[in-house]
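**Student:** Once you've had a glance at the structure underneath, I'll fire off some questions.
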């Protein structure tokens, strides 16, 4: 593994004596020497970069979430090692920070290490995306956010308008973007039209509250989970930066748990985090805990390769020449559907033609109705 230590600054040693079951007892932190990170582990880092935040002057770049995180107890099922790599040093220019973060994340992913990036303004997702550019890997992003964060084509990326500059990069490695938690008062009608035209996915906050299962396949289909901390209901964290409506604390932890369980997710980013009080630090640490707990509980049942351990259901639609294959895992009872892609594409689309879905998609096909998710994916692959 290439040296990435020069991108980081060490953290102060925690003087508290932790019990054997607490995270602080076993996590390897960068306090004096940079840790040697092993494959299959999780690496937490903090990026105190707020120059892309629209309210930069009210962000001091400080956070004390580590103390809360270290005090939490590990589950008895945890087997993978945890690291705290310290703080990523902000560059002279904002793009320098993107560059540093992209090099760190790409090196970790390349060595089968899952980065948990705590920020900092949400435009830091640009640096994470650029890591996948370096790996030349098509990527799905799932944003847990109250807005779409689309800006104008001439606009520089910031915490509320990073998605358009990201999509305009060439070559473009963004295959799909899903939004969970959108609140329509914060979405411009033209932005909604563009998202629909691009065949991207949206699960509004009301839809999530009515049925969490509508959001779960989006989490399972993502490579990057991108959480805007301001999408949490203001009353949950006593924050003036959040909105009156939003996710409850337990809902955000539920999202983090399912994101961790997803075999495909290999990077988590939690952004627009500003230390408000001890409650916000504790909630941030719990979100990270539930993601780690989900990661430690992965079933390893993403259906690539042999599908002997899956039940296969084939549905032929009567009103067209389409045959849809569904797969149900014997381990987790989760569903996928297969979407054909051009054979000359080789491995380019290998991770994208098996689409996580719900049983409702199978039920819809059984009623001779084309699942919207299948059709959107088919158009992007063709």
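The values are calculated or read from the model by the stated rules, or taken from the named source; none is laboratory data. Given the structure is predicted, the values throughout are model-derived calculations rather than measurements. Cβ coordinates were reconstructed from backbone atoms using ideal geometry, including for glycine residues, and neighbour counts include every protein chain displayed.
**Student:** Given the options 236, 250, 207, name the one that is assigned to a helix (DSSP H, G or I) and touching a residue at least 24 places away in the same chain (Cβ under 8 Å).
**Tutor:** Just a single option satisfies the conditions, and that option is 236.
**Student:** Criterion first (under 16 Å from residue 292 (Cα atoms), in contact with a helix residue (DSSP H, G or I) (Cβ under 9 Å, 6 or more places away or on another chain) and surrounded by fewer than 22 Cβ atoms within 10 Å (Cβ to Cβ)) does residue 267 satisfy it?
**Tutor:** The answer is no for residue 267.
**Student:** Pairs under 6 Å by beta carbon, first residue within 12 Å of residue 152 (Cα to Cα) in the range 185-198, partner outside any helix (DSSP H, G or I), six or more apart or different chains?
**Tutor:** Taking only residues 6 or more apart or on different chains, the pairs are 191/148; 191/150.
Yes/no per residue for (1) in the same structural domain as residue 163 (by TED's automatic domain parsing); (2) under 20 Å from residue 64 (Cβ atoms); (3) in contact with a strand residue (DSSP E or B) (Cβ under 6 Å, 6 or more places away or on another chain); (4) surrounded by fewer than 23 Cβ atoms within 10 Å (Cβ to Cβ):
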| position | (1), (2), (3), (4) |
| --- | --- |
| 222 | yes, no, yes, no |
| 227 | yes, yes, yes, no |
| 247 | yes, no, yes, no |
| 251 | yes, no, no, yes |
| 258 | yes, no, no, yes |
| 262 | yes, no, no, no |
| 290 | yes, yes, no, yes |
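**Student:** Taking residue 214, is it surrounded by fewer than 19 Cβ atoms within 10 Å (Cβ to Cβ) and within 29 Å of residue 161 (Cα to Cα)?
**Tutor:** yes
**Student:** Working only within the range 237-262, note down all residues that are modelled with pLDDT under 95 and more than 23 Å from residue 294 (Cα to Cα).
**Tutor:** Within the range 237-262, 237, 238, 239, 240, 241, 242, 243, 244 meet the criteria.
**Student:** Just the residues that are at pLDDT 95 or above and within 22 Å of residue 89 (Cβ to Cβ), please, taken from the range 111-121.
**Tutor:** 111, 113, 114, 115, 116, 117, 118
**Student:** Out of 205, 284, I need the residue that is touching a strand residue (DSSP E or B) at 6+ places or on another chain (Cβ under 6 Å) and more than 24 Å from residue 133 (Cα to Cα). Which one?
**Tutor:** Selected residue: 205, the only one of 205, 284 that is touching a strand residue (DSSP E or B) at 6+ places or on another chain (Cβ under 6 Å) and more than 24 Å from residue 133 (Cα to Cα).
**Student:** Examine the range 124-139 for a residue that is within 17 Å of residue 1 (Cβ to Cβ), in contact (Cβ under 8 Å) with a residue 60 or more places away in the chain and part of a helix (DSSP H, G or I), and state whether such a residue exists.
**Tutor:** yes
**Student:** Any idea which of (1) at pLDDT below 90; (2) surrounded by fewer than 18 Cβ atoms within 10 Å (Cβ to Cβ); (3) assigned to a helix (DSSP H, G or I) is the one residue 340 doesn't satisfy?
**Tutor:** (3)
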